[in-house]
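**Q** Once you've had a glance at the structure underneath, I'll fire off some questions.
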Amino acid sequence: MKIEKLISQVLIKGIPELYGQPVSQEMIQLQKTNKEFEGDITLVVFPLLKISGKSPEATGQDLGVYLENNIEDIIKFIVYKGFLNMVVSDRYYLEFMNRVCRYNEYGFSAKDTDAETVMVEFSSPNTNKPLHLGHIRNNLLGNSVCNIIKAAGKKVVRTNLVNDRGIHICKSMLAWQKWGNGETPESAGKKGDHLVGDYYVMFDQQCKLQVADLISQGKSRDEAEKTAPLMLEVQEMLRKWESGDAEVYALWKTMNDWVYEGFEETYRRLGIGFDKIYYESDTYLVGRDTVLEGLKNGLFYRHKDGSVWVDLKTEGLDEKVLLRADGTSVYITQDIGTAQERKNDFHPDRMVYVVGNEQNYHFKVLRLVLDKLGFSWAKTLYHLSYGMVELPEGKMKSREGTVVDADDLMDEMIKTAREMSYDLGKLEKLSPEEKEDTFTMIGLGALKYYILKVDPVKNMTFNPRESIDFDGNTGPFIQYTHARIKSVFRKAEENNIKLPEQAILTIALNEKEKNIMKITHDFPEIIINSAETYNPSLIANFIYDLAKEYNQFYHDFSILKEPDPEVRAMRLMLSDLTAKVINSGMGLLGIQVPDRM
RNA sequence: GGUUCCGUAGCUCAGUUGGAUAGAGCAACAGCCUUCUAAGCUGUGGGUCGCGCGUUCGAAUCGCGCCGGAAUCACCA
């Protein structure tokens, strides 16, 4: 049993014996002992003073004696003001290490066959332009949250919702039709998503010219934007698409397929995949039917122009349109349909949406509308809202060309890893393929860690120069720690030193060794916590603390040159455990760790 | 204007359900490779935790009010 839990239990039994009054779990406040004091675990005694009727010091003293007498692994205690600092035996941590070292996935909860199923939607791209930095944060968060929830013992269904229809999609299509001259990704030598994105930009530019032209002819901006020939044409194209026009539909299909191929490549490099992909073009009709059904049942009302609305004023929100006057659907219509499809397909106990915080209001509305429609599972929707990614100069603006493209960014990170590696004279013994794999691991590791170490709710600044930094609190620093440990094991093997099965329990641990054991001891709890709060940054910061502590140990003490074979064996095991936790913790972030770097 | 979120070192970020003298990294400066990988380690400087009031044994953390920033309040997605 974990020592913290044991202390809690003993106190709940012991305090009534000592003071004749019961205690509740919340009054037992255990925390890690601060660095500047001796001890491992601290009990805050202030909440217990009412029960003891004594001073903080006297209460701490009473409880210290009681715990020392009743728990074998508490070998000493020091009372300082209102804090009872307890020293945990080295034996306890050695036993812990022996117990845990044989598992490759130490810290992960056992997979329970009747565990709840959590469905997570993330990525959710539009098919009119390539993925950018904002999508990267979304993808990394979604992927990592899935890994973490799974590690916490739940079943996870990864899903993506592709926004593949609408006026914005038609814009690229129209531009290609007009000016593309039959260009294809192959003929252009370009990824499909980039090619389609180029036509989207082209449309925008041409349209602006027309608008400017109309304004110079004396029209208002508003009027010009509505009557520009290209705008009229693209609207006509959308109508054709919705009515199933064969030619438009074929073009849509072709260009979307180009985009999917491009996305596929980006996802593959990022290490991301899905169990199920939904397409808005498939689900919007389901939502429309549901809305009409709700209208029939009097849940919604029809405006005199024919549009359908929901009134959420009693819920503190406003009125919201659910279907346009012409009967076509809006964004939320599609989400209503998608949610139902998902429920039917997978029966999830929870549905998590990884979507930026600019859509907080939208998800509030979605939940309320689904609730109004009588879906009992509406309250199981959770919007994992994350902050915007900004550049040091401010927001990314596609107009000003400051959008950071996902593919370019990955290329840049890997390139930097390569240059850095050559500068440092690393990896010379590896084959070209192994080298490239390692550069990719490091470059992407830097990128992913840089983004995931920040609390999702916060807006973050993406500083390109800083993100490719490989020192300090970075992915490569952690990867390096792993590579160092693996290097020790290679050396051990050369010298015929084997990793022992068990460490003997009578070894006296130094401070660094004990610290590393204490940190790894917390890993299971960190995973649970991180899963419950949908927060990968907890894992990232935890792994960093571990790597930092290990590097100090590595610097201060020798492993293979340690003369005492029992101590050497223990240090090897400790190193092995550290490597395993780094490996699986980074794995939860979607980051691979190399054996050499 | 209403609602929601954010505000911690020059910069980027940590800081469990309120706990001891608020921590890392980057940048700057000064050290450490004959020894398991120096992408490492050590040290120095750097703070009115946006401001004020309140709650209490105790507040960066909770409440209220300001100030600053962001998002949103579309028959856009």
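The values are calculated or read from the model by the stated rules, or taken from the named source; none is laboratory data. Predicted model only: the values in this text are computed from it and were never measured. Here the Cβ positions follow ideal geometry from the backbone for every residue, glycine too, while neighbour counts run over all protein chains shown. Areas reflect the complete protein model, heavy atoms only, side chains present, ligands, DNA and RNA absent. Shrake-Rupley method; radii C 1.70, N 1.55, O 1.52, S 1.80 Å.
**Q** Find, among the chymotrypsin sites (Phe, Trp or Tyr not before Pro) in region A:62-134, those assigned to loop by DSSP (not H, G, I, E, B) with at most 13 other beta-carbon atoms within 10 angstrom. Walk me through the numbers before you get to the answer.
**A** Values: sites: A:Y66, A:F77, A:Y80, A:F83, A:Y92, A:Y93, A:F96, A:Y103, A:Y106, A:F108, A:F122; in loops: A:Y103, A:Y106, A:F108, A:F122.
Listed in order of number, the matching sites are A:Y103.
**Q** Next question, about the same structure. Among A:F83, A:Q21, A:A110, which residue has its Cα furthest toward the positive end of the charge dipole of region A:1-117, with +1 on Lys/Arg Cβ and -1 on Asp/Glu Cβ?
**A** Checking the options against the dipole of region A:1-117, the answer is A:F83.
**Q** Given contacts defined as C-alpha pairs under 8 Å and at least six residues apart, what's the relative contact order of region A:165-274, whole-number percent?
**A** Details: 88 pairs, mean separation 39.2, N = 110.
Worked out over region A:165-274, it gives 36 percent.
**Q** Compute the convex hull volume of the Cα atoms of region A:77-198, divide it by the residue count, and report the result per residue in Å³ as a whole number. Let's see the in-between values first.
**A** On the way: hull volume 30.3 nm³, N = 122.
Hull volume normalised by residue count: 248 Å³.
**Q** Right, next: From largest to smallest, what semi-axes in whole angstrom does region A:14-129 give when each is the square root of 5 times an eigenvalue of its alpha carbon gyration tensor?
**A** For region A:14-129, the semi-axes come out at 40, 21, 16 Å.
**Q** Project the alpha carbons of chain A onto their principal axes and report the range along each, largest first, in whole Å.
**A** 88, 65, 45
**Q** Please sort by residue number the trypsin sites (Lys or Arg not before Pro) in region A:269-372 whose DSSP state is loop and whose Cβ has at most 12 other Cβ atoms within 10 Å.
**A** Values: sites: A:R269, A:K276, A:R288, A:K296, A:R302, A:K304, A:K313, A:K320, A:R324, A:R342, A:K343, A:R350, A:K364, A:R367, A:K372; in loops: A:K304, A:R324.
Answer by residue number: A:K304.
**Q** Which value, in debye to the nearest 20, gives the size of the charge dipole of chain A about its Cα centre, when Lys and Arg are +1 and Asp and Glu are -1 at the Cβ?
**A** Numbers: 74 positive and 89 negative charges, 145 e Å.
Computed about the Cα centre, the dipole is about 700 debye.
**Q** What are the extents of the Cα atoms of region A:406-588 along their three principal axes, listed from largest to smallest and rounded to whole Å?
**A** 53, 43, 23
**Q** Find how much the distance from A:L285 to A:K313 grows on full extension, using 0.36 nm per residue of separation minus their present alpha carbon separation; answer in nm with one decimal.
**A** Details: separation 28, 0.36 × 28 = 10.08 nm, distance 2.67 nm.
Full-extension gain reported as 7.4 nm.
**Q** Output the 0 to 90 degree angle, nearest 10, between the alpha-carbon long axis of helix A:280-296 and the longest principal axis computed from the alpha carbons of chain A.
**A** That works out to roughly 80 degrees.
**Q** In addition: Looking at region A:501-583, I'd like the Rg to Rh ratio, where Rg is from alpha-carbon atoms and Rh is Kirkwood's inverse mean 1/r.
**A** Details: Rg = 14.0 Å, Rh = 13.6 Å.
Radius of gyration relative to Kirkwood radius: 1.03.
**Q** Same structure, new question: Give the angle, between 0 and 90 degrees and rounded to the nearest 10, that separates the Cα long axis of helix A:511-521 from the longest principal axis of the Cα atoms of chain A.
**A** It works out to around 50 degrees.
**Q** Of A:Y554, A:I582, A:P456, which is farthest towards the positive pole of region A:406-588's charge dipole, taken about the Cα centre with +1 and -1 on the beta-carbons of Lys, Arg and Asp, Glu respectively?
**A** A:Y554
**Q** For chain A, what is the percent of antiparallel DSSP beta bridges, rounded to the nearest 5? If you can, show how the numbers build up before the last one.
**A** Working: 23 of 45 bridges.
Taking every DSSP beta bridge with both residues in chain A, the antiparallel ones total about 50 percent.
**Q** Another question, if that's okay. Compute the distance in nm between two label points, each set 7 Å from the Cα along the Cα-to-Cβ direction, one at A:K81 and one at A:D423.
**A** Once both label points are built, they end up 4.6 nm from each other.
**Q** Let me ask something additional. Subtract the Cα-Cα distance of A:S431 and A:T113 from 0.36 nm times their separation in residues, and report this length gain in nm to one decimal. Present the calculation step by step, with values, prior to reporting the outcome.
**A** Numbers: separation 318, 0.36 × 318 = 114.48 nm, distance 4.33 nm.
Contour length minus Cα-Cα distance gives 110.1 nm.
**Q** If you roll a 1.4 Å probe over the heavy atoms of the protein chains, what accessible area per residue do you get for chain A, in Å²?
**A** Details: 28310 Å² over 597 residues.
I get 47 Å² per residue for chain A.
**Q** Can you compute the label reach from A:H362? Point 7 Å from Cα along the Cβ direction, backbone N cut-off under 18 Å, restricted to region A:259-283.
**A** The answer is A:278-283.
**Q** So, one more: Let me check I have the definition right: for region A:165-274, take the eigenvalues of the Cα gyration tensor, multiply each by 5, take square roots. What are those semi-axes in whole Å, largest first? Don't skip to the answer; put the middle values down first.
**A** On the way: eigenvalues 170, 50, 33 Å².
Over the Cα atoms of region A:165-274, the semi-axes work out to 29, 16, 13 Å.
**Q** Now a separate question. Would you calculate, for chain A, the mean residue ellipticity at 222 nm contributed by helices, counting each DSSP H stretch of 4 or more residues as -39,500 (n - 2.57) and dividing by all residues, to the nearest 500?
**A** So the calculated ellipticity at 222 nm is -18000 deg cm²/dmol.
**Q** If you don't mind, another one. How much length would be gained if the chain were fully extended between A:K32 and A:D556, taking 0.36 nm per residue of separation minus their Cα-Cα distance, in nm to one decimal? Can you show the working numbers first?
**A** Numbers: separation 524, 0.36 × 524 = 188.64 nm, distance 2.36 nm.
My answer for the length gained is 186.3 nm.
**Q** Specify the angular offset, from 0 to 90 degrees and rounded to the nearest 10, of the alpha carbon long axis of helix A:406-424 from the longest principal axis of the alpha carbons in chain A.
**A** The angle comes out at about 40 degrees.
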